[in-house]
Structures are given as structure tokens and as C-alpha cells.
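The values are calculated or read from the model by the stated rules, or taken from the named source; none is laboratory data. All figures in this text were calculated on a predicted structure; none of them were measured in a lab. When we count neighbours, we look across all protein chains shown, and the Cβ atoms used for this are built from the backbone with ideal geometry, even at glycine. The accessibility values were calculated without ligands, DNA or RNA, using every heavy atom of the protein model including side chains. Shrake-Rupley method; radii C 1.70, N 1.55, O 1.52, S 1.80 Å.
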Amino acid sequence: APVYLFDPLGRKFTDLRVPVTENEIKMMATAYNKDNGQDDNAIRISAVPNQLAFSPSEIRLRAGKKITLTFDNPDLQIHNLVIVKPGSGERVGQLADQMAQDPDALKRQFVPDSEDVIWSTSLVNGKGTFEGQLEVPKVPGTYPFICSFPGHWRVMKGLMVVYE
């Protein structure tokens with residue numbers, strides 16, 4: 001059955017190219033990933049406006065690799081991205097909530113002093129971007145990432161799957 005795709009104004013796309021072979025699909029996927037900051041040397045994660053969520057909510061990275069991680073915040077709220085050790089997302093989130101009482105919390109970017117924190121961005125204002133270098137952990141596993149702004153971590157979280 002034919003499938004019709006429409007733009008936001010309800011007009012049917014007339015110049016849409018659909019891949020036919022597996023090779024074309026792979027080439028398009030590679031081009032898409034590169035255009036969107038997702039390749040072997042870089043990854044892009046974004047806050048989802050008005051949803052307290054990350055997109056993508058799961059990333060897969062090779063152990064020990066150095067990459068450029070870009071965090072975009074198109075939301076109106078302030079957010080950060082904090083990568084923590086496996087199994088420690090809730091513990092770090094609770095420490096971040098406790099920071100709400102700390103007068104230096106904003107200066108510390110709401111990132112708790114904890115050995116569980118592997119890497120973090122600064123707080124990124126709405127419509128802002130952070131770019132930094134991440135050395136992916138050498139030990140394969142599933143590493144949570146959260147927004148540690150108080151309260152956000154309860155729903156704004158994702159997973160970094162590290163493989164060999």
C-alpha cells in the first residue's frame with residue numbers, strides 16, 4: 001500500500017526519496033547520524049522542550065574512546081547532563097536535590113561532589129549549547145545520565161551503554 005507523508009502545513013511531499021536497498025538505507029543512516037552529531041567521534045544529546053527528557057535517551061559508545069559530546073538545550077528551563085557510575089543515578093540525584101539548600105549550588109552547577117560522577121556539563125540555559133570532550137569509561141556497562149538540577153533527575157534521565 002502506498003504511504004503518503006505530509007509537511008507541517010499538510011502538503012504532500014513530492015520530492016521524497018525512499019531507499020530501496022540495504023546499502024542505500026545504511027548510507028542514509030550514516031549521513032543522518034553525521035548531520036546530527038552522531039558518529040564514531042561525536043555524539044549529540046538534546047533536552048526535549050517541555051518534557052524533562054533527553055533525546056536520544058540511550059546512546060552506545062565504544063569503551064575508552066575519546067569523543068566530543070554536545071548537549072543542546074532548546075527548552076526554556078535550565079538543564080545539565082551528568083554521567084554517573086552504574087547503579088548510582090538515584091544516589092547522585094538525591095545529592096543534587098540536597099544541593100537546593102546550598103548557597104554555592106549554582107556556582108557548582110548543581111553537580112554533587114561525589115565519586116559516582118564521571119562527567120558533567122555546566123548548567124545550560126534555555127536555547128544554549130555545551131560542547132566538551134568525554135573519555136568513555138574503559139569498563140563496559142550501562143552508565144546512567146541525568147539532569148542534576150533539583151527534581152529534574154527523577155524523570156530526566158537516560159543510559160550510556162559502553163561496549164568493547
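Things to note:
- The residues of segment 84-106 that are aliphatic (A, V, I, L, M) and out of contact with any Ser or Thr (no Cβ under 7 Å at 6 or more places or on another chain), listed by number, are Val84, Met99, Ala100, Ala105, Leu106.
- Segment 120-164: number of residues that are in a loop (DSSP other than H, G, I, E, B) and open to solvent by 50 Å² or more (accessible area, probe 1.4 Å): 8
- Val139 vs. criteria in contact (Cβ under 8 Å) with a residue 40 or more places away in the chain and within 15 Å of the chain's Cα centre (by Cα): no
- Residues in segment 45-60 that are touching a strand residue (DSSP E or B) at 6+ places or on another chain (Cβ under 6 Å) and open to solvent by less than 90 Å² (accessible area, probe 1.4 Å): Ile45, Ser46, Ala47, Val48, Phe54, Ser55, Ser57, Ile59.
- Options Ile59, Ile45: the member that is in contact with a Phe, Trp or Tyr (Cβ under 7 Å, 6 or more places away or on another chain) and modelled with pLDDT of 85 or more: Ile45
- Strands (runs of 3 or more DSSP E) wholly inside segment 1-70 containing at least 2 residues that are among the aliphatic types (A, V, I, L, M): 42-48, 58-62
- Number of positions in segment 73-117 that are polar (S, T, N, Q) and over 18 Å from the mean Cα position of the chain (by Cα): 4
- For segment 71-88, filtered to residues that are of a type outside the set (D, E, K, R) and open to solvent by 10 Å² or more (accessible area, probe 1.4 Å), the residue that is farthest from Pro140 (Cα to Cα) is Leu76.
- Listed by first and then second residue, the pairs with beta-carbon distance under 6 Å, at least 6 apart or on different chains, first residue in segment 10-23 and open to solvent by 100 Å² or more (accessible area, probe 1.4 Å), second among the aromatic types (Phe, Trp, Tyr), are Lys12/Tyr4; Lys12/Phe6.
- The one condition in (1) more than 16 Å from Ser57 (Cα to Cα); (2) loosely packed, with under 14 Cβ neighbours inside 10 Å that Ser114 fails to fulfil: (2)
- From the list Asp97, Asp75, the one residue that fits, being part of a loop (DSSP other than H, G, I, E, B) and among the charged types (D, E, K, R), is Asp75.
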